[in-house]
1. Would you check which residues across segment 293-324 are among the charged types (D, E, K, R) and surrounded by fewer than 19 Cβ atoms within 10 Å (Cβ to Cβ) and list them?
2. Quickly run through segment 84-124 and pick out the residues that are part of a loop (DSSP other than H, G, I, E, B) and loosely packed, with under 13 Cβ neighbours inside 10 Å.
3. Return the residue satisfying two criteria in turn: it lies in segment 213-233 and is among the charged types (D, E, K, R) and in contact (Cβ under 8 Å) with a residue 12 or more places away in the chain, and of such residues it is farthest from A348 (Cα to Cα).
4. Out of all the residues in segment 32-74, which are exposed (fewer than 15 other Cβ atoms within 10 Å of the Cβ) and among the hydrophobic types (A, V, I, L, M, F, W, C)?
5. Would you kindly identify the strands (runs of 3 or more DSSP E) lying entirely within segment 130-237 that contain at least 1 residues that are open to solvent by less than 20 Å² (accessible area, probe 1.4 Å), out of contact with any Phe, Trp or Tyr (no Cβ under 8 Å at 6 or more places or on another chain) and away from the ligand (no atom under 16 Å from the Cβ)?
6. Kindly list the number of the only condition in (1) within 16 Å of the ligand (Cβ to nearest atom); (2) touching a Gly at 6+ places or on another chain (Cβ under 6 Å) that fails for L106.
7. What tally of residues in segment 177-213 results from selecting those that are farther than 17 Å from N137 by Cα and either charged (D, E, K, R) or not assigned by TED's automatic domain parsing to the domain that holds T270 (or both)?
Amino acid sequence: MKRIGMLTSGGDCQALNAAMRGVVKTLLNSRQKVEIYGFLDGYRGLIYNNYRMLSGSDFSGILTKGGTILGSSRTPFKTIKDPDANGLDKVEAMKQNYRKLKLDCLVILGGNGTHKTANLLREEGLNVVTLPKTIDNDLWGTDMTFGFQSAVNVATDAIDCIHTTAASHGRVFIVEVMGHKVGFLTLNAGMAGGADIILIPEIPYDINKVIKKIEEREKNGSRFTIIAVAEGAISKENAKLSKKEFKKMMEKYPYPSVSYEVAAQIQEKTGREVRVTVPGHTQRGGSPCPYDRVFASRLGAEAGKLILDGEYGFMVGYKNREIVKVPLEEVAGKLKMVDPDSTIVKEAKLLGICFGD
Ligand code: F6P
């Protein structure tokens, strides 16, 4: 008999349901008796003991469904040790609810922040197995997170659509891509969508280099330029600021996001017409792509196997084309970023893509 608690925390992404289905199918196929407690809206459900008993049928027909059947919320790690508005010790509450329900293990699906809390719960003595979700692909310890490829598809579609209208009007178009503080999504969607310029946080840009590229393209007969800008892209000047200076500067920042700043600068310095498109949360929405369905199912199956074997304290990840188990303490608190010297960046540059550096 296994009693499993499950929760999805942080920003959602495609294939969360596929991953949970993978875990549950594996457990049920073992023919052991399994009880599944689905905590609602992330850690919040575990803190306030808000759960739903789930059976096999709850996981039927959800392989292709976006979002999460459990709901999600952000419960910042930064404040996890602070009491809630009513003085409740959140960490103690999670431990107590785990013990009250006599759980054998918690299956936690999430990204960076989620993994910090998952590791804390492990340190506090709970059995935890995690799965790496995020469209940002910025989780340490895994080459790939589920949700990422689906988001690349959505962002690429946006760039593809912009291409046709940019060509008609002979304009400069900026597509702002999500990814928080890392550029994997922008780099991949930018390359897939044939962007001429890609700006990512890991390679601070010089606006003059960006303009030079636009002018070069025009000289060579191109009527338009597509720029894929990561939401976390940063100029060379701003990259030099300390954290405190940057925060202060952002307090008076006049633009909705960096893309609008880049657009304003291009417009001001060249007089060209620039338009900004922000696909935003559409990148996290909709059905998971086939890659993510397979990938999340595989991760889920391996997580199920770890639970059956009683092996806890791991994230199931993907390294060098193999599904692997990574100790949670190695994952928590680290960020995976695009290496500016990686072969993909070098290849993009060989293709003529400008990074503004
Ligand atoms: O981490 C996933 C992500 O979609 C990031 O790419 C983005 O910066 C952030 O979440 C948006 O968060 P929220 O949904 O809370 O606005």
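The values are calculated or read from the model by the stated rules, or taken from the named source; none is laboratory data. Everything quoted here is computed from the prediction, not taken from an experiment. Don't worry about glycine lacking a Cβ; one is built from the backbone with ideal geometry, like all the others, and counts go over all protein chains shown. Ligands, DNA and RNA are excluded from the accessible area calculation, which covers all protein heavy atoms including side chains. Shrake-Rupley method; radii C 1.70, N 1.55, O 1.52, S 1.80 Å.
1. If the condition is that a residue be among the charged types (D, E, K, R) and surrounded by fewer than 19 Cβ atoms within 10 Å (Cβ to Cβ), then R298, K305, D309, E311, K319, R321, E322 are the ones that fit.
2. Just the residues of segment 84-124 that are part of a loop (DSSP other than H, G, I, E, B), to begin with: 84-89, 101-104, 111, 124.
Selection gives A85, N86, G87, L88, K102.
3. This residue is R223.
4. If the condition is that a residue be exposed (fewer than 15 other Cβ atoms within 10 Å of the Cβ) and among the hydrophobic types (A, V, I, L, M, F, W, C), then M53 is the only one that fits.
5. On the way: elements: 172-177, 197-199, 225-230.
Output list reads 172-177.
6. Of (1) within 16 Å of the ligand (Cβ to nearest atom); (2) touching a Gly at 6+ places or on another chain (Cβ under 6 Å), only one is false for L106: (1).
7. The number of residues fulfilling the criteria is 5.
Quick grid of which residues meet (1) more than 25 Å from E123 (Cα to Cα); (2) touching a Gly at 6+ places or on another chain (Cβ under 7 Å):
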| position | (1), (2) |
| --- | --- |
| R31 | yes, no |
| F59 | yes, no |
| G87 | no, no |
| Y98 | no, yes |
